[in-house]
Amino acid sequence: MSEVAHTGTGAAPSDMQQSLTVMKYDLLKHMRSRRLLGMFAIEAILLVLIAGLTLGETARPFIDTMGNFASLASTLVIIAATLFAGDAIVSEFQGRTGYLLFPNPIRRSSIFMGKFLSATLATMVVVVIYYAVAIGISAAVSSNLQNFELAFASLGLALLYSVAAVGLGMLVSSFMKGSTGSLILTFFLLFLILPSVDSIFSLVDYPPVISLTFASMAITAVLRVPYPPATDKLIIPLEGFGEFVTYIHTPPVLTAVTVMIAWTLVTIVLAYFLFQRREMSA
């Protein structure tokens, strides 16, 4: 990666140029490892399965059809963020490739930013392609196109969730010692652990406001008209046992956006701090 340290003019590249070079080589690494192609295969399978179910139904309004696709958008983001960010940092230490990169006249901040940008860009590309195909299919088979613009609101939330999920992946990768463990922890945090904590709040009348995975629920909720209430009380009668009370929480869009931005900033700052202090012996 000598291009990181030198330019064709002989002048030292700026920090941003170095970050972009790291990003380019990291993207090439994803392509060589077939992670990017694997993600395209996964989203193609999801699109085909959902489209197959959708085409077999009676034509419904656009937002209903689009909601079927959006319901799996957060899962797609979790898989992509895991593959592209889950071992972004730890791989340099585990594989000892850092011995080749760190001695070069390049700031660790540029390395970190380049890896963050590559993981974010790769995840966003996957999400944008997914939504482009989903919007096209939904528009083609729906009975009407009312509230068509809400699909782009859902896309915006999915992209923001992508950045936050990548930030969490970078944080996990910054302190884990092995790539496999880092990938597994990133995936289970987003797919199982945090959602499990969210589910506990169905027993109380206040939502898990600061949860990242709870905020991601807005990706699908924004396609519902009218938008669901922040908290909806559900009473289920149980014969012989009285009533069971549960609460359905939905994050307001502004709250979801704020939480995702906060998670991005906090995780990236912490990940960078740990990366700066980490030595190759770790």
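The values are calculated or read from the model by the stated rules, or taken from the named source; none is laboratory data. Keep in mind the model is a prediction, meaning the values are calculated, not measured. Using ideal geometry, Cβ is built from the backbone for each residue, glycine included, and neighbour counts are taken over all protein chains shown.
Filtering LEU28, LEU76 for residues that are over 29 Å from LEU157 (Cβ atoms) and at pLDDT 85 or above leaves a single hit, LEU28.
Assuming ILE248 fulfils every condition listed in (1) touching a helix residue (DSSP H, G or I) at 6+ places or on another chain (Cβ under 9 Å); (2) closer than 21 Å to ALA158 by Cβ apart from one, which condition is it? Status for ILE248: all satisfied but (2). Restricting the range 54-81 to residues that are of a type in the set (Ser, Thr, Tyr) and part of a loop (DSSP other than H, G, I, E, B) leaves a set whose member that is surrounded by the most Cβ atoms within 10 Å (Cβ to Cβ) is SER71.
Among the residues of the range 138-161, those that are outside any helix (DSSP H, G or I) and over 23 Å from the mean Cα position of the chain (by Cα) comprise SER142, SER143, ASN144, LEU145, GLN146, ASN147, PHE148.
Checking LEU223, LEU203, LEU145 one by one, the residue that is at pLDDT 95 or above and of a type outside the set (Phe, Trp, Tyr) is LEU223 and no other. Of the residues making up the range 263-271, one or more are among the hydroxyl-bearing types (Ser, Thr, Tyr), touching a helix residue (DSSP H, G or I) at 6+ places or on another chain (Cβ under 8 Å) and under 24 Å from THR75 (Cβ atoms).
Summed over the range 244-282, the residues that are modelled with pLDDT of 90 or more, polar (S, T, N, Q) and under 14 Å from PHE175 (Cβ atoms) give a count of 1. Being surrounded by 15 or more Cβ atoms within 10 Å (Cβ to Cβ) and either assigned to a helix (DSSP H, G or I) or out of contact with any Phe, Trp or Tyr (no Cβ under 6 Å at 6 or more places or on another chain) (or both), is that true of even one residue in the range 236-248? Yes, the range 236-248 contains at least one residue that is surrounded by 15 or more Cβ atoms within 10 Å (Cβ to Cβ) and either assigned to a helix (DSSP H, G or I) or out of contact with any Phe, Trp or Tyr (no Cβ under 6 Å at 6 or more places or on another chain) (or both). Counting just the residues of the range 189-226 that are among the aromatic types (Phe, Trp, Tyr) and surrounded by fewer than 22 Cβ atoms within 10 Å (Cβ to Cβ), which one comes out nearest to GLY156 (Cα to Cα)? Per the criteria, the residue is PHE191. Residues that are over 30 Å from ALA59 (Cβ atoms) and aromatic (Phe, Trp, Tyr) within the range 132-180 comprise just one, PHE175. A count restricted to the range 148-179 and to residues that are of a type in the set (Ser, Thr, Tyr), out of contact with any Phe, Trp or Tyr (no Cβ under 8 Å at 6 or more places or on another chain) and at pLDDT below 95 stands at 2.
In this structure, LEU36 does satisfy being part of a helix (DSSP H, G or I) and modelled with pLDDT under 95.
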